[in-house]
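K.L.:
Got a structure for you, questions after.
Values in this text are rule-based calculations from the coordinates and carry no lab data. Just so you know, these numbers come straight off a predicted model, no measurement behind them. So basically every Cβ, Gly included, is an ideal-geometry build from the backbone, and we count neighbours across all protein chains shown.
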């Protein structure tokens with residue numbers, strides 16, 4: 001039996017259903033936070049590792065990720081239709097990684113997107129402001 005400590009989760013989960021994930025988040029009074037990511041993107045790793053994963057572990061956000069290059073996985077959209085993570089990102093016009101979006105259970109965006117990391121020193125404040133705005137519109 002291996003008792004060595006396991007490394008912390010390095011990825012956000014990828015949902016099978018945005019509709020289901022959005023409803024689960026709303027049931028907790030939270031927006032669904034979706035990060036559009038790209039494997040190997042160093043800025044995505046910063047947003048995920050320094051902000052979204054710690055907040056998720058502490059129960060402060062309901063966050064998931066979609067890989068902009070994933071054309072094989074099935075994903076149920078907010079409308080119930082099947083798509084892929086890549087096609088969904090394209091439909092949202094999320095062209096840059098990382099892009100962080102904030103959704104209500106109906107798939108409506110509740111706050112301005114966070115695109116890239118313009119000023120890393122203030123990213124946490126920008127994220128908190130968007131979450132506060134999204135939570136206010138959710139209620």
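K.L.:
Using the alpha-carbon centroid of each, what span in Å lies between region 83-123 and region 24-78?
P.N.:
Taking the Cα centre of each part, region 83-123 and region 24-78 sit 10 Å apart.
K.L.:
How far apart, in nm, are two points set 7 Å out from the Cα along the Cα-to-Cβ line at residue 14 and at residue 137?
P.N.:
Each label point lies 7 Å from its Cα, and together they span 2.7 nm.
K.L.:
Further question on the same structure: Test of understanding: ordering 36, 46, 117 by Cβ neighbours within 10 Å, fewest first, what list do you get? Walk me through the intermediate numbers first.
P.N.:
Values: 36 25, 46 14, 117 18.
Final ranking by Cβ density, sparse to dense: 46, 117, 36.
K.L.:
Next question. Evaluate the relative contact order of the chain (contact order divided by residue number), counting alpha-carbon pairs under 8 angstrom at least 6 apart; express in whole percent. All intermediate terms of the calculation are to be shown ahead of the outcome.
P.N.:
Working: 238 pairs, mean separation 39.5, N = 139.
Reported as a whole number, the value is 28 percent.
K.L.:
Ratio of Rg to Rh for region 20-118, alpha carbon only, Kirkwood?
P.N.:
Details: Rg = 12.7 Å, Rh = 13.6 Å.
Rounded to two decimals, Rg over Rh is 0.94.
K.L.:
Sorting 121, 87, 70, 79 on the 10 Å Cβ count, fewest up front, what's the list?
P.N.:
Numbers: 121 7, 87 15, 70 19, 79 10.
Taking fewest neighbouring Cβ atoms as first place, the list is 121, 79, 87, 70.
K.L.:
To make sure I understand, if each residue's beta carbon is the centre and we count other beta carbons within 10 Å, what order do 125, 112 fall in, fewest to most?
P.N.:
Values: 125 10, 112 13.
Listed from fewest to most nearby Cβ atoms, that is 125, 112.
K.L.:
Next question, about the same structure. Add -39500 (n - 2.57) for each DSSP H run of 4 or more in the chain, then divide by its residues: what number comes out at 222 nm, to the nearest 500 deg cm²/dmol? Write out the running numbers ahead of the final one.
P.N.:
Details: 5 runs with 44 residues, N = 139.
-9000 deg cm²/dmol, from helical runs alone.
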